[in-house]
1. Count the net charge of all other residues whose Cβ sits under 9 Å from the Cβ of Leu149, scoring Lys and Arg as +1 and Asp and Glu as -1.
2. Highest first, please rank the peptides 192-199, 108-115 by the mean number of other Cβ atoms sitting within 10 Å of their residues.
3. With a bin width of 10 angstrom, please list the P(r) values of segment 149-190 as percents of all Cα-Cα pairs, from the 0 bin to the one holding the largest distance.
4. Note down the Stokes-Einstein diffusion coefficient of segment 73-199 in µm²/s, whole number, using a Kirkwood radius over alpha carbon pairs, 25 °C, and 0.890 mPa s.
Amino acid sequence: MVKKRILSHTRRGFLAGAAAGLASPAIAQYIPGDPLRPAPEPEPQVRRNISGFRALDWQPYFSNTKNGAILVDTVSRALHYWSDDQSVYKLYPSSVPLTEELTRRGRTSVIRKVEGPSWAPTPSMKKRNPEWPDYIPPGPDNPLGTHALYLSWKYYRIHGTHDTRKIGRRSSNGCIGLFNEDIAELFGMAKVGTQVLLI
């Protein structure tokens, strides 16, 4: 006589299965054939440093926080914001440029704020990707997401993204990307004239 194995559905079994599902890699918002939302390229394996994404003090980076201050750390892939009076500090995960060649570091400032930005590729982007459209109006297909802070450097922005898999990765053509809910919050706090430092 062969004994049948009976599987019991327990709370512990359900939770273990759910945790395994959450640990699976996400392929959110990959759209086959869409040149603006290609499959994510694998990144080289890096040693994880949980302390890399941590709160920082503004003093080593700015002489003051007049008009507020934004620090973008391209190594830890984090954006830090301090309000003018230092009563507000925010830390956001960000996307950073794909390569060192596309990465610009130094001091700049917010010169314009746009809710519902439109997007057009820069001449160098168009040269690298001739299949990209010349213009995308505001909306869910726009690579700048829901809000954008334009910097004094031509073509550089801190903006949102509808493609959430980009955050925490080397995935941009030079700009700094945030989740749409994070850029909306930052947009509400940052002013034209807010200091920005990329390191």
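1. Details: positive: Arg112, Lys113, Arg157; negative: none.
Neighbourhood net charge equals +3.
2. Values: 192-199: 18.5, 108-115: 16.1.
Packing proxy ranking, top to bottom: 192-199, 108-115.
3. Computed distribution, short to long bins: 30, 54, 16.
4. Taking Rh from Cα pairs, D becomes 167 µm²/s.
Every number here is computed from the coordinates shown, using simple stated rules; none is lab data. Here the structure is a predicted model, which is why all the values come from computation and not from measurement. Reconstructed Cβ throughout: ideal geometry from the backbone, glycine too, with neighbour counts over all protein chains shown.
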